[in-house]
Amino acid sequence: MVSLLRLALATACLAVSLQAQVLTLTFDDGPNRVKTLLLSPGERNEGLLQALRKEKVHAIVFANGVDGGDTPEGREALAAWGREGHLVGNHTYSHLRLTDPASYQADVLRCDALIRTVPGYTRLFRFPYLKEGDTTAARDGMRKALAEAGYRNAHVTIPTFDWLLDERLRTRLRQDPRADLGPYRAYYVEHVLDQADRARALAQKLAGREVKHAILLHHCLLNALFLGDVIHALKVNGWSFVDPLEAYADPLYLEAPRGLDTGTSLLQALAREKGLLPTHLLGLEEAYDREKVALREAGL
Ligand SMILES: [Zn+2]
């Protein structure tokens with residue numbers, strides 16, 4: 001009787017965990033040390049780490065050497081992530097777009113040399129602009145080179161326009177250093193929840209199950225200010241957080257989209273291949289235009 005009850009409980013727990021909305025946080029362009037108003041580069045790095053610490057979430061930062069990454073302060077900023085249990089992955093040294101495979105591969109290895117002694121170093125690679133190459137030869141050559149170097153493509157399933165909102169917020173601060181940032185915070189939190197819901201629905205349509213999502217955010221002022229609010233809102237809306245390696249163990253990430261230079265999330269690329277959504281809904285440019293209109297209407 002007891003064992004039957006236990007079995008029933010275990011089954012119930014399993015059903016709950018199979019239905020869980022799970023994601024991992026990924027930050028591109030770390031550690032961005034470009035000057036901004038409000039917070040110094042060191043304060044921005046600490047702002048991100050503090051939010052993660054407070055919410056007890058482990059994330060991954062994808063590093064570049066440019067924008068201050070390859071300086072003593074930049075290397076120290078990356079090391080701080082590793083020391084707190086986060087992972088440090090590769091985003092190319094120069095934040096390149098893949099046009100010349102040979103120089104691109106060299107740039108990936110240059111970034112690897114920058115991060116390989118940093119605590120938390122892991123061989124996960126994030127393509128800048130989510131673009132894997134605009135010819136079959138470039139794309140397949142890069143896939144082979146990454147595999148040979150022991151790297152995996154750290155795909156994104158939940159894209160966001162945090163970088164665009166960050167740009168708007170910094171512009172606003174230049175116009176008025178004392179501007180009320182409350183509306184930016186509110187817009188951003190809603191945007192992330194909306195993007196996460198859309199990705200969840202798309203995953204259900206594609207895979208017929210909950211997948212372990214990877215959300216794309218950036219190492220920027222916006223997140224240094226509001227990451228805590230975003231994490232909190234996701235939790236309140238039923239999302240839970242897993243470590244990056246646990247998320248990337250989801251078999252979804254073994255998929256290799258056939259499209260070239262998609263610039264979209266893995267789910268969108270796969271959906272496009274399978275004809276699950278009209279192509280015109282998926283382009284980055286269209287989504288970008290839509291977001292710009294929404295921001296304008298919100299007065300941001
Ligand atoms: Zn980037």
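Structure above, values below:
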read-out	value
Of the criteria (1) surrounded by fewer than 13 Cβ atoms within 10 Å (Cβ to Cβ); (2) free of Cβ contacts under 8 Å to residues at least 24 places away in the same chain, which one residue 272 fails	(1)
Failed condition for residue 171, given (1) in contact (Cβ under 8 Å) with a residue 60 or more places away in the chain; (2) part of a helix (DSSP H, G or I); (3) among the β-branched types (Val, Ile, Thr)	(1)
Boolean, residue 28 is closer than 17 Å to residue 146 by Cα, modelled with pLDDT of 95 or more, within 16 Å of the ligand (Cβ to nearest atom) and crowded, with 17+ Cβ neighbours inside 10 Å	no
Members of segment 111-135 that are surrounded by fewer than 18 Cβ atoms within 10 Å (Cβ to Cβ), modelled with pLDDT under 95 and part of a helix (DSSP H, G or I)	129
The listed residue being more than 19 Å from the chain's Cα centre (by Cα), away from the ligand (no atom under 16 Å from the Cβ) and surrounded by fewer than 18 Cβ atoms within 10 Å (Cβ to Cβ), out of 76, 46, 55, 84	76
Condition check for residue 219: of a type outside the set (A, V, I, L, M, F, W, C) and within 16 Å of the ligand (Cβ to nearest atom)	yes
Residue that is touching a residue at least 12 places away in the same chain (Cβ under 8 Å), open to solvent by 40 Å² or more (accessible area, probe 1.4 Å) and in contact with a His (Cβ under 9 Å, 6 or more places away or on another chain), where the choices are 255, 291, 246, 286	255
Selection from segment 125-167 of residues that are aromatic (Phe, Trp, Tyr), under 15 Å from the mean Cα position of the chain (by Cα) and at negative phi	125, 127, 161, 163
The one condition in (1) in contact (Cβ under 8 Å) with a residue 40 or more places away in the chain; (2) exposed (fewer than 15 other Cβ atoms within 10 Å of the Cβ) that residue 98 fails to fulfil	(2)
Qualifying positions in segment 143-157 - assigned to a helix (DSSP H, G or I) and either crowded, with 21+ Cβ neighbours inside 10 Å or in contact with a strand residue (DSSP E or B) (Cβ under 9 Å, 6 or more places away or on another chain) (or both)	143, 146
Which listed residue, of 238, 182, 228, is open to solvent by less than 70 Å² (accessible area, probe 1.4 Å) and farther than 29 Å from residue 35 by Cβ	238
So residue 296, is it assigned to a loop (DSSP other than H, G, I, E, B) and without any contact (Cβ under 8 Å) to a residue 40 or more places away in the chain	no
Qualifying residue in segment 33-40 (condition: open to solvent by less than 40 Å² (accessible area, probe 1.4 Å), of a type in the set (Gly, Ala, Ser) and modelled with pLDDT of 60 or more)	no
Residue 110 being among the basic types (Lys, Arg), within 16 Å of the ligand (Cβ to nearest atom) and at negative phi	yes
Residue among 92, 71 that alone is hydroxyl-bearing (Ser, Thr, Tyr) and away from the ligand (no atom under 16 Å from the Cβ)	71
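The values are calculated or read from the model by the stated rules, or taken from the named source; none is laboratory data. Only a predicted model underlies this, so the values are computations on that prediction, with no experimental measurement involved. With ideal geometry, Cβ positions are generated from the backbone for all residues, glycine too; neighbour counts draw on all protein chains shown. Note: accessible area is taken over every heavy atom of the protein model, side chains too, but ligands, DNA and RNA are not part of it. Shrake-Rupley method; radii C 1.70, N 1.55, O 1.52, S 1.80 Å.
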